[in-house]
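Trainee: Submitted below is the structure of interest, expressed as C-alpha cells.
The values are calculated or read from the model by the stated rules, or taken from the named source; none is laboratory data. Everything quoted here is computed from the prediction, not taken from an experiment. Glycine also receives a Cβ, built like all others from the backbone with ideal geometry; neighbour counts cover every protein chain displayed. We work out accessible area using only protein heavy atoms, side chains counted, and drop any ligands, DNA or RNA first. Shrake-Rupley method; radii C 1.70, N 1.55, O 1.52, S 1.80 Å.
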Amino acid sequence: MIEIGADVDLSHPPDRVWLALTDRELLGRWFAEADMVEGVPDRLLLHTAGLPGFDTDVEVEVTERRVPELLVLRCDEAGRLTELTCAVTATKQGSRLTVREVPTHGSWSDEQHGPREQQLRQALTVRLPAILDWLAFQQVDLRRGVAGMTTELPVLGASGPAPSRRRRRAAVAGLAAVVLAAGLAAWLTLPGEPEHSAAPTPTSTPTPTTPPSMAAAAPTAQPTVTPSARPSRSVTPTTARPSRTPSATPSRTPTAAVPPPPPPLAARYDTDSSRLFGYTGEVVVDNPGPAPAEQWVVVVTLAEGSSVDDVEGADWRQDGQAITFSGLAVPAGGSRTIRFDVRDSRPKAREPEGCTVGGNPCAGL
C-alpha cells in the first residue's frame, strides 16, 4: 500500500492548528479553496484541479472528528478513493501535525505520487506556518472592533495623563541638583594634603676624625636627623636581604591525584526492519564507564530525501539529513536503545550514510 504523509512541528497550540484545518477561508489560503456541498452535511469540494499531483477537484466527507486532536476525511477524486487523517498532538514548543493519505480504491500513478506528496509537504511546512503566524497576530490584536481588523498592537502603559515637558525638565533639574550636592559633600569630606613644613631637609652631623687607636673605644657618632612634616620619598633598606641560595630541603606540597577520564561511549547501528518507502533503524549506546553518562549525543545522517517519522527512547531533531538524538543518562556499564522510523522517497529504502556518538563513528555502518 502506497501512502502519502508528512510530519511537521509547529510553534502554535493545537486549537489554532485545528482552526486552520477546519475553517474554509483559512484552508483556502494555505492549501486549496473549498465549497460546501449543498444539502449534504460535513461534505466539502476542494478545488485542487491544476495543483501538482491532482487531476481534478476532490470531494471530501468528514467521517471522524475529535476537537482538536483528530480529523478523518474520506476523499473521492474522480472515482479514486482515499482516506486522509490529520492528527494534532501537543508538544512543549506548540504542536505536531501528522498527515497521512492512504488509497482505499485505486492508486496514484508514478507521475502523480511524487508531485502530490511534494505539494502536501510544501503546504504544511511553508504556507501553513505563515497562515498560523498571521492568525496568531490577529488573535493577539486586542484593539479589533466592528470596523474591521487593525494591525496596530495595543500599547500597555501606566494609567493617568502623561507628564508634561515642564514637569520632566523640573524632575531632571532636581536630579542633577541632588547629584551635584552629593559630589560636593564627598569632596569636602576628603582629607586634605599635608601642609608643607618650613623645616630644613634632614642633615647629618659630620663625624669627627678619630685616630685608629681610638676607633675601637670611641663610639661612632650617628647623624642627627630632623624629621620633616612632608613625607620622605627615601626608601628604607630592608633589614635582611633575602638569600638566593636554595633551601637544602625544599618543601613539597602533595598534589591531589587526577582521576583518569572515563572511557568514551560506544554505539552500534542496525536496520531492524525494511519496507517499501521506509525502514526502522536502531542505535544501541553502550557506557563502559563506572559512572552514568549524563550528556551524550548521537547523530545519524540519513540518505538524501529521507525523513524521520517517529522516535522511541530519545529526544530528537532533524536538520536536513542529520538527525540528532539525546536523552536520559546512560547507566554505568549499561546501554540505551533508540528506535526510529524513516520514510524514504525511493521505493527501495536506503540505509543511513553515517552515525556518530560523541563524534566517534558507530559500529554497523
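Trainee: Using θ = phi - 60° and the Karplus relation 6.51 cos²θ - 1.76 cosθ + 1.60, list the HN-Hα couplings for region 104-117 in order, rounded to whole Hz, with x at every Gly or Pro.
Mentor: So the J values, rounded to whole Hz, are 10, 8, x, 7, 8, 7, 4, 6, 8, 4, x, x, 5, 5.
Trainee: Quick one: what do you get for region 17-78 if you divide its Cα Rg by 2.2 N^0.38 Å?
Mentor: Compared with the compact-globule rule of thumb, region 17-78 sits at 1.10.
Trainee: Now, a different point. Per residue of region 32-47, what does 6.51 cos²θ - 1.76 cosθ + 1.60 with θ = phi - 60° give for ³J(HN,Hα)? Whole Hz please, x for Gly and Pro, Karplus curve as stated.
Mentor: Once θ is set to phi - 60°, the couplings for region 32-47 become 7, 5, 9, 10, 6, 7, 4, x, 10, x, 6, 9, 10, 10, 8, 8 Hz.
Trainee: Starting from the Cα gyration tensor of region 83-127, take the square roots of the eigenvalues, sort them a ≥ b ≥ c, and report rounded, prolate or oblate (rounded when a/c is under 1.5, otherwise prolate if a/b is larger than b/c, else oblate). Can you show the working numbers first?
Mentor: Values: a/c = 4.71, a/b = 1.75, b/c = 2.70.
Since a/c reaches 1.5 but b/c is at least a/b, the shape of region 83-127 is classed as oblate.
Trainee: Hey, another quick one. Rank by packing, highest mean first: peptides 266-272, 277-283, with packing defined as the count of other Cβ atoms within 10 Å averaged across residues. Write down the numbers at each step before the final one.
Mentor: Working: 266-272: 16.9, 277-283: 20.9.
Per-residue mean Cβ counts within 10 Å order the peptides as 277-283, 266-272.
Trainee: So what is Rg over Rh here for region 297-365, counting just Cα atoms and using Kirkwood for Rh?
Mentor: Details: Rg = 12.4 Å, Rh = 12.7 Å.
My calculation puts Rg/Rh at 0.97.
Trainee: Kindly report the accessible area of region 317-365 per residue (heavy atoms of protein chains, probe 1.4 Å, no ligands, DNA or RNA), in Å². The partial results should precede the final answer.
Mentor: Values: 2680 Å² over 49 residues.
For region 317-365, the per-residue accessible area is 55 Å².
Trainee: Also, quick follow-up: Using only Cα positions of region 1-128, each an equal point scatterer, no hydration layer, compute I(q)/I(0) via Debye at q = 0.12, 0.15 Å⁻¹ and quote the log10 values to two decimals.
Mentor: -0.43, -0.69
Trainee: What list of ³J(HN,Hα) couplings, whole Hz, do you get for region 292-300 from phi and the Karplus terms 6.51, -1.76, 1.60, once you set θ to phi - 60° and write x for glycine and proline?
Mentor: x, 8, 6, 10, 8, 9, 10, 10, 10
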